[in-house]
Amino acid sequence: MIIMPGEDRKRRNMTNLVVGDADSIIALVYKDDANHTKAQKISEKLLLNKFQIIFPDTAIVEAITTLKRALNLADKAHFINKQYQNGTFHVEYITENIMQKASKIFGEALSKKNTFFDAIIAATAVELGTKEIFSFDKWYEKLGFKLVK
């Protein structure tokens, strides 16, 4: 299901909402990823408990690019792209408001490991009113978010 900017968010169950990062997508499709088994268990738990995982559009772009370019897994990249085309993902398209929040978050990031993509994940969580993120990046905890386990 694709969520367009400005769509009535009351239709979502805001209490069972998690923002997903690119690393969770990669871990789910790439069996040699260090977090593959953990990602599968987390995903199953979230689905069982009727959580919605919302992926900013940039997380999908980042996952596809990383799979194809950095990991040389074109088949996995195209699989994720096909899932996107089929509407498998709950997608939050990035608005100017989210970008401005992400820019402020990124401006305070000191480590080169903390990317603007990560700041967008955090800003999206703020925008959607959730503290829970499906990721393995500890930076989110330093920002006050809870990593889903």
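FYI, it's all coordinate maths here, none of it is from the lab. This one's a predicted model, so the numbers in the text were calculated from it and none came from an experiment. Ideal geometry is used to build each Cβ from the backbone, glycine not excepted, and the neighbour counts take in all protein chains shown.
Listed values for segment 122-134 are Karplus-derived 3J(HN,Hα) couplings in whole Hz (6.51 cos²θ - 1.76 cosθ + 1.60, θ = phi - 60°), namely 4, 5, 5, 4, 4, 4, 8, x, 10, 9, 9, 10, 8, and x replaces Gly and Pro.
Among ALA125, ALA109, ALA34, which one shows the biggest mean-square fluctuation in a GNM of the chain, springs joining Cα atoms closer than 10 Å? Fluctuation is largest for ALA34. Loop-located GluC sites (Glu not before Pro) across segment 52-117 with a Cβ neighbour count of 15 or fewer within 10 Å are GLU108, with loop assigned by DSSP.
Extension gain for ARG69 to ALA34 (0.36 nm times residue separation, less C-alpha to C-alpha distance): 10.8 nm.
With the cut-off at 1.5 for a/c, could you classify segment 90-136 from its C-alpha gyration tensor as rounded, prolate or oblate? Verdict is oblate for segment 90-136. The packing ranking of peptides 38-48, 127-137, highest mean first, is 127-137, 38-48, where packing means the average number of other beta carbon atoms within 10 angstrom of each residue. Of ASP118, ASP23, ASP32, the residue with the greatest mean-square motion in the GNM of the chain, using alpha carbon springs below 10 Å, is ASP32.
List the aspartates and glutamates whose alpha-carbon lies under 14 Å from that of LYS142, not counting same-chain residues fewer than 8 positions away? Those aspartates and glutamates meeting the cut-off are GLU108, ASP118, GLU132. Near the amide H of PHE55, within less than 5 Å, lie the amide hydrogens of GLY20, HIS90, VAL91, GLU92, all on another chain or at least 5 residues away, with H placed in the peptide plane. At a Förster distance of 30 Å, what's the computed FRET efficiency of ASN86 paired with SER111, Cβ-Cβ distance as r, to 0.05? After rounding to 0.05, the efficiency reads 0.25.
What aspartates and glutamates sit close enough to LYS68 to cross-link, taking a C-alpha to C-alpha distance under 16 Å and skipping anything fewer than 8 places away on the same chain? Straight-distance partners of LYS68: ASP23, ASP32, ASP33.
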